[in-house]
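Only one structure is covered here, and it is reproduced in the block below.
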C-alpha cells in the first residue's frame, strides 16, 4: 500500500527536514507540502491524502482548526507535529493517532508511520471517533497546568506544582524541579501567560518562580535583591520586579 502523505508546517526548514526523513520510507508518496492551515484544507480536499503530518501552532488557522474545517469524516489519519508541549498534551489526552514533539529523528517518524499503517488497516470509523474526541478536548478551555518534556526516549509530564522556578535559556526555557532541570523550547513570556494563574510570579526579566516555593527575600553582597526558596536556592531578582510584587502583595493584603 502506498501512503499519499501531506506535510503541513509554517516553518520552511521544518518542512524540508520532515520531507528528508520521510523519503527513507519506501511506501510514502509525498504530496506538495503546505505552509499554512488554509492551503492545507484545500490540499486535503483536493488530494485526499492517507496521512497528514500537521503542525499545530500556525498563524491564522492552527492544526486543530484544520481538522474542524475539513471535518472528521473526510480527514485523513493525522500525526501532529509541534514544538509546544501544551498542544502535544492536548493531542495525547484526546488519544490522537500520534504526535511528534520537536526535535525528533528518523526512528520517531518511522514509529509514527507504523502506527498510521496499522490504524489505516483497521476500522476507519475509529479514526472518526478519535478526531471527534480531539475536537472536543481542544475546544476553547483553560489550558492544562502540565507540560510535556522530552527526555531521551521518554516524555515526562511535569505539573505546575512540581516546578520550583523557570528561567530563560536562549531559544528555550529551563524548568527546575528539585535537583533536576529540563529544557523546553518555548519563551519565558509564554510560560508567564500559562503559569501566572498557577501561582508563578516574575522576579527577573529572565526568571519566574513558583510562589509556593518562596521562603524569604534577602540581599546579596552588593545589596542586590535575592529570592530564597524553601530548597535553599538563592535566585537573583530585579529591583523593579520585586517592587511590583510587593505592591501587589500589599494591595491583596
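The values are calculated or read from the model by the stated rules, or taken from the named source; none is laboratory data. Predicted, not measured: the structure shown is a model, and the values here were computed from it. Virtual Cβ from ideal backbone geometry, glycine too; neighbours counted across all protein chains shown.
What the table below lists for this structure:
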| quantity | calculated |
| --- | --- |
| Selected residue (only one of 112, 168 is modelled with pLDDT of 80 or more and in a strand (DSSP E or B)) | 168 |
| Qualifying position, being modelled with pLDDT under 85 and buried (at least 16 other Cβ atoms within 10 Å of the Cβ), among 245, 229, 235 | 245 |
| Filtered residues of segment 123-152 (kept if at pLDDT below 70, out of contact with any strand residue (DSSP E or B) (no Cβ under 8 Å at 6 or more places or on another chain) and part of a loop (DSSP other than H, G, I, E, B)) | 123, 138, 139, 140, 141, 142, 143, 144 |
| Criterion (modelled with pLDDT under 80 and surrounded by 14 or more Cβ atoms within 10 Å (Cβ to Cβ)) met by exactly one of 156, 188 | 156 |
| Residues that are under 16 Å from residue 113 (Cα atoms) and in contact with a strand residue (DSSP E or B) (Cβ under 7 Å, 6 or more places away or on another chain), drawn from segment 10-34 | 18, 19, 22, 27, 28, 29, 30, 31 |
| Subset tally (residues that are in contact with a strand residue (DSSP E or B) (Cβ under 6 Å, 6 or more places away or on another chain) and part of a strand (DSSP E or B)) for segment 72-86 | 5 |
| Enumerated helices (runs of 4 or more DSSP H) restricted to segment 1-71, each holding at least 2 residues that are buried (at least 20 other Cβ atoms within 10 Å of the Cβ) and without any contact (Cβ under 8 Å) to a residue 40 or more places away in the chain | 37-47 |
